[in-house]
Amino acid sequence: MQNPRAAQPSRPVDPPFSPVLLAGIALAPVPPRLLQPLFDAILSVVRRRHPGILERLADYPDSVVGIDPVDLPFVLVLEPHPQMPTLTVHRDFSDVAATAFIRGPLEMLFALSEGRIDGDAAFFSRQLVIEGDTEVVLALRNAIDGAGINLEDDFAATLGPLARPLRHFASVGGRLFNLLSRDMDMVRRSLIGTALRGTDAQSSRISELETELASIRRTLRNREHRA
Amino acid sequence: MTAENVELVCPAGTPAALKAAVDAGADCVYVGFRDETNARNFPGLNFSRPELADGIAYAHERGTKVLVAINTFPRAGKPEIWHQAVDDAARLKADAVIVADVGLCAYAAKTHPDLRLHLSVQASASSPEAIRFYHQAFNIQRAVLPRVLTVPEIAALAADVPVEMEVFVFGGLGVMAEGRCALSSYATGLSPNMNGVCSPASHVRYVERGEKVVSELGGFTINTFGAGEPAGYPTLCKGRFEANGKLSYLFEEPTSLNTLAMLPELIKAGVTGFKIEGRQRGRAYVGAVVKAFRQAVDAIRRGEAPPDIDLDNITEGGRQTAGAYERSWR
Amino acid sequence: MNASVLPPAKLTLGPVLFNWKPEAWRDFMFRIADEAPVDTVHLGEVVCSKRAPFFDKYIPEVAERLAAGGKEVVLSTLALVMTERERDGVRDLTADSGGFMVEANDIAAAAALNGRPHVVGPFVNVYNEGTLAYLAGMGAVRVSMPAELPAATIAILAAQNLVEIEVQAFGRIPLAISARCYHARSRNLHKDGCQYVCAEDPDGMPVDTMDGKPFLTVNGTQTMSYHYLALLAELAELRRVGVNRFRLWPHHCDMVAVARSFREVLDGTLSPDAASTRLADLAPDAEFANGYIHGREGHRLVEDDLAIL
């Protein structure tokens with residue numbers, strides 16, 4: 001059984017150049033604690049409407065999962081302790097001893113929670129990054145996927161009479177979001193493309209060194225055996 | 001053999017996936033209890049007894065059958081855990097249990113003679129003699145064939161034994177004879193047979209080295225991925241290794257089984273159950289794959305060729321193979 | 001350990017799993033017959049039916065020489081049976097084994113031997129009392145344990161007192177069997193048209209991880225551990241819980257000396273540490289492991305004493 005390590009994620013994932021990123025930039029000066037009530041509400045919705053999620057995480061009572069929506073200027077820390085679960089907002093993970101991390105664009109995190117995209121595909125394509133205790137992350141992903149969440153329904157159930165106009169706004173907002181995303185992606189690609197080329201040279205040199213090292217190791221071992 | 005009695009047997013790792021599979025047109029769904037009695041004992045996956053009761057109700061209302069996989073090998077000293085699973089599946093009116101262990105087959109046949117018994121792929125019954133043994137001893141009604149037989153071998157089998165045949169048609173491809181592989185326990189101490197896991201997440205690490213990511217299992221490097229390359233889960237037999245002076249995917253490429261184009265052939269060979277692998281996959285995957293195969297089977301029933309459906313974006317490594325069904329795989 | 005209080009411990013030489021030259025195999029067996037302190041020797045092709053025809057012609061004289069040397073001969077069946085020819089081979093052997101006991105390495109062979117005394121090999125999944133009892137009811141008199149079983153499980157099975165329990169104690173551990181030939185694949189060939197490249201590696205072809213760590217071994221369609229099993233310090237505790245037979249897998253080294261080392265440890269005339277040193281000399285390229293019996297990863301070398309509760 002792997003020992004959880006209280007570690008920092010080693011490198012930030014590049015956030016997609018999207019409306020969320022812009023909104024995030026706008027949110028940057030806001031202290032995270034002002035957002036805490038929102039996440040308290042989300043957690044209480046989860047406990048009420050999807051109790052199965054926390055039940056499935058009951059095997060990992062001491063785990064601390066860091067969730068990093070890379071295009072927003074704050075992070076979430078989930079402690080799924082069955083009796084006292086918490087979901088807290090922080091500026092970053094510097095004061096947090098998390099045992100596992102999930103990082104990805106907000107839209108992707110939403111889509112994952114609703115089962116609209118396949119978690120494995122997202123992970124394979126490296127848009128979603130997980131680190132640390134893979135087991136608890138897998139449990140979290142299975143628990144959320146298994147709960148059959150529909151965010152709009154959840155909002156509706158919580159917000160009562162505001163539900164209809166909000167749901168309408170969410171669907172209009174969603175379409176608008178998709179339109180904006182497409183245009184922004186084109187702008188992003190032209191901006192970032194030039195910067196990426198610089199890093200390629202360095203990483204290919206590292207590959208060369210590693211291949212050399214492995215071959216030296218092998219030669220040494222063969223010599224030892226013959227001696 | 002016609003397409004009329006072909007059943008689409010679909011994986012359901014969670015209640016949401018069960019609904020997705022049923023809604024997408026599955027004829028059967030197969031599930032496991034949330035413990036070590038099944039071979040997909042993943043963290044946070046599978047059904048509690050109450051969840052299974054709800055799932056069976058949902059499925060039966062829509063004319064879909066539910067099969068419960070109890071296909072690990074009971075641990076000496078604790079047979080009651082597996083016996084209880086069989087008892088609960090019977091009590092909840094599951095349509096069949098899928099079992100691998102000889103002793104557990106004996107228990108199920110003796111204690112619940114009316115409970116339909118399917119032989120799991122984990123029993124590695126690769127010949128008519130093997131399947132006939134389980135049929136005569138325990139009255140199994142269906143056998144899930146190991147993914148090591150060619151289509152002609154399957155046809156010969158189906159003609160030879162009075163038991164329905166079920167074969168995998170899509171999903172993760174096992175390269176070793178199922179139920180007879182200890183690679184995972186060699187590296188991690190946990191195995192499919194004993195613990196219901198292979199290459200368990202608890203022993204997986206992804207380590208960044210410069211621009212590359214290295215995937216490790218139990219401390220052994222399984223693969224590396226460059227910047228922008230899709231990363232894979234370090235399933236042991238899908239790794240890259242050095243042998244005979246060369247680095248390669250020695251056992252198998254990270255690829256998925258996809259027999260969409262071969263379905264008519266499999267039907268002609270006498271196969272009754274088309275099994276989709278993937279209880280550990282999310283409901284988006286399940287919904288998409290079941291929908292595609294439903295369309296394919298319905299097309300075949302109408303006398304048309306199966307449509308060419310693109311499942312690239314949800315297959316492992318984006319690649320697909322027809323696996324052992326073609327002899328050249330050996 | 002007072003060796004005289006326990007029933008005598010027996011040693012089995014398992015079937016040669018590798019593709020040795022047939023004459024070399026025959027001569028190896030002659031020496032075993034004449035010199036090795038083993039009680040039982042297994043013959044027969046377990047891994048790949050393509051190899052069997054080359055050895056079959058030597059089996060009668062080898063069996064005779066072994067019997068003359070006081071060894072019990074057991075004929076082992078193929079582990080993974082798929083083709084018509086393979087099925088016929090197993091059927092013929094189980095129908096007429098020339099008076100020798102047969103080891104069933106799959107459930108179909110065990111079924112064919114129903115009612116007659118036979119051995120159940122380590123490639124059949126016997127993990128619990130229920131299955132053990134069922135197979136004993138079919139006539140199994142000896143069951144060789146799957147490699148991954150921990151001592152606690154083995155002790156429970158031995159305590160059933162239904163059959164003789166055998167535990168693997170030396171050699172590369174068979175971990176998996178497949179329809180696909182990885183030896184051929186490593187040379188860009190297939191099982192059909194393999195050119196018998198597995199014959200190039202008398203102890204199997206080593207498989208390393210990408211960073212040069214030895215990990216596994218390929219032997220045709222079989223995958224094995226890189227590490228050699230070596231249970232020495234564990235033997236006494238296993239005997240205490242009722243295991244009195246141990247299997248040595250033959251390797252391309254002085255197996256007579258290996259067998260002698262195990263014999264002396266079992267007789268109490270050689271310490272496990274001293275035997276360990278001898279084995280290291282006899283198989284100088286080998287790395288040893290004993291993780292499975294201790295309930296750990298198979299590749300681990302556990303220094304703790306084995307203590308079965």
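The values are calculated or read from the model by the stated rules, or taken from the named source; none is laboratory data. Quantities reported herein were computed from a predicted structural model and do not represent experimental measurements. Every residue, glycine as well, gets a Cβ built from its backbone with ideal geometry; the counts of neighbours run over all protein chains shown.
How many residues are outside any loop (DSSP other than H, G, I, E, B), over 17 Å from residue C:160 (Cβ atoms) and within 11 Å of chain B (Cβ to nearest Cβ) if we restrict to the stretch C:112-128?
Residues flagged as outside any loop (DSSP other than H, G, I, E, B), over 17 Å from residue C:160 (Cβ atoms) and within 11 Å of chain B (Cβ to nearest Cβ) within the stretch C:112-128 amount to 1.
Hydrophobic (A, V, I, L, M, F, W, C), surrounded by 18 or more Cβ atoms within 10 Å (Cβ to Cβ) and in contact with a helix residue (DSSP H, G or I) (Cβ under 6 Å, 6 or more places away or on another chain): is that true of residue B:121 in this structure?
So residue B:121 fails the test.
Considering only the stretch A:39-78, state which residues are without any contact (Cβ under 8 Å) to a residue 60 or more places away in the chain and polar (S, T, N, Q).
Of everything in the stretch A:39-78, just one residue is without any contact (Cβ under 8 Å) to a residue 60 or more places away in the chain and polar (S, T, N, Q), namely A:44.
Would you be able to tell me the number of residues in the stretch B:177-207 that are under 19 Å from the mean Cα position of the chain (by Cα), within 7 Å of chain C (Cβ to nearest Cβ) and under 26 Å from residue A:102 (Cα atoms)?
Here the count works out to 0.
Considering (1) in contact with a Ser or Thr (Cβ under 8 Å, 6 or more places away or on another chain); (2) at the interface with another protein chain (Cβ under 7 Å from one of its Cβ atoms), say which one residue B:285 fails and leave the rest.
Unmet for residue B:285, out of (1) in contact with a Ser or Thr (Cβ under 8 Å, 6 or more places away or on another chain); (2) at the interface with another protein chain (Cβ under 7 Å from one of its Cβ atoms): (1).
Within the stretch C:203-220, track down each residue that is more than 7 Å from chain B (Cβ to nearest Cβ), surrounded by fewer than 24 Cβ atoms within 10 Å (Cβ to Cβ) and part of a loop (DSSP other than H, G, I, E, B).
Scanning the stretch C:203-220 gives C:203, C:212.
Does residue B:234 fit the bill of being in contact with an Asp or Glu (Cβ under 7 Å, 6 or more places away or on another chain), in a loop (DSSP other than H, G, I, E, B) and touching a residue at least 24 places away in the same chain (Cβ under 8 Å)?
Judged against the criteria, residue B:234 is a match.
Only helices (runs of 4 or more DSSP H) wholly contained in the stretch C:20-89 count here; list those with 1 or more residues that are under 25 Å from residue B:180 (Cα atoms). Walk me through how you get there before you give the answer.
On the way: elements: C:22-35, C:52-56, C:59-68.
Fully inside the stretch C:20-89 and qualifying: C:52-56.
Just one of B:174, B:228, B:210 is away from chain A (no Cβ under 13 Å) and at pLDDT below 90; which is it? Spell out how you get there, then give the answer.
Values: B:228 fails: away from chain A (no Cβ under 13 Å); B:210 fails: away from chain A (no Cβ under 13 Å).
None of the others qualify; the one that does is B:174.
Of the residues that make up the stretch C:5-26, is at least one loosely packed, with under 14 Cβ neighbours inside 10 Å and either touching a strand residue (DSSP E or B) at 6+ places or on another chain (Cβ under 6 Å) or farther than 24 Å from residue C:257 by Cα (or both)?
Looking through the stretch C:5-26, at least one residue is loosely packed, with under 14 Cβ neighbours inside 10 Å and either touching a strand residue (DSSP E or B) at 6+ places or on another chain (Cβ under 6 Å) or farther than 24 Å from residue C:257 by Cα (or both).
Can you name the residue in the stretch B:40-71 that is hydrophobic (A, V, I, L, M, F, W, C), under 17 Å from the mean Cα position of the chain (by Cα) and within 14 Å of another protein chain (Cβ to nearest Cβ) and is also farthest from residue B:29 (Cα to Cα) among such residues?
Going through the qualifying residues, I end up with B:42.
Got a number for residues in the stretch C:168-196 being touching a residue at least 40 places away in the same chain (Cβ under 8 Å), surrounded by fewer than 23 Cβ atoms within 10 Å (Cβ to Cβ) and more than 10 Å from every other protein chain (Cβ to nearest Cβ)?
Qualifying residue count, the stretch C:168-196: 1.
Kindly check whether there is at least one residue in the stretch B:16-36 that is at pLDDT 95 or above, buried (at least 24 other Cβ atoms within 10 Å of the Cβ) and over 20 Å from residue B:293 (Cβ atoms).
Scanning the stretch B:16-36, I find at least one residue that is at pLDDT 95 or above, buried (at least 24 other Cβ atoms within 10 Å of the Cβ) and over 20 Å from residue B:293 (Cβ atoms), so the answer is yes.
Would you pick out the residues in the stretch C:282-309 that are closer than 14 Å to residue C:232 by Cβ and assigned to a helix (DSSP H, G or I)?
C:282, C:293, C:294
Would you point out the residue of the stretch A:54-79, among those that are in a loop (DSSP other than H, G, I, E, B) and in contact with a Lys or Arg (Cβ under 9 Å, 6 or more places away or on another chain), that is nearest to residue B:45 (Cα to Cα)?
Checked the stretch A:54-79; the qualifying residue nearest to residue B:45 (Cα to Cα) is A:70.
Go through the stretch B:260-314 and give me each residue that's part of a helix (DSSP H, G or I), touching a helix residue (DSSP H, G or I) at 6+ places or on another chain (Cβ under 8 Å) and within 14 Å of residue B:4 (Cα to Cα).
B:263, B:264, B:266, B:267, B:268, B:296, B:297, B:300
Could you check how many residues of the stretch C:98-149 are in contact with a Lys or Arg (Cβ under 6 Å, 6 or more places away or on another chain) and surrounded by fewer than 24 Cβ atoms within 10 Å (Cβ to Cβ)?
Final tally of qualifying residues: 1.
Based on this model, can you work out whether residue B:151 counts as more than 12 Å from every other protein chain (Cβ to nearest Cβ) and surrounded by 22 or more Cβ atoms within 10 Å (Cβ to Cβ)?
So residue B:151 does not fit the description; no.
Is it fair to say residue C:109 is within 14 Å of chain B (Cβ to nearest Cβ), modelled with pLDDT of 95 or more and not in a loop (DSSP other than H, G, I, E, B)?
yes
Going through the stretch B:29-51 one residue at a time, which ones are under 20 Å from residue B:119 (Cβ atoms) and free of Cβ contacts under 8 Å to residues at least 40 places away in the same chain?
The one that is under 20 Å from residue B:119 (Cβ atoms) and free of Cβ contacts under 8 Å to residues at least 40 places away in the same chain: B:29.
Do we have residue B:299 as among the small types (Gly, Ala, Ser), more than 13 Å from chain A (Cβ to nearest Cβ) and farther than 26 Å from residue B:35 by Cα here?
Answer is yes for this residue.
Counting only residues that are over 14 Å from the mean Cα position of the chain (by Cα) and small (Gly, Ala, Ser), which one in the stretch A:57-99 is surrounded by the fewest Cβ atoms within 10 Å (Cβ to Cβ)?
A:94
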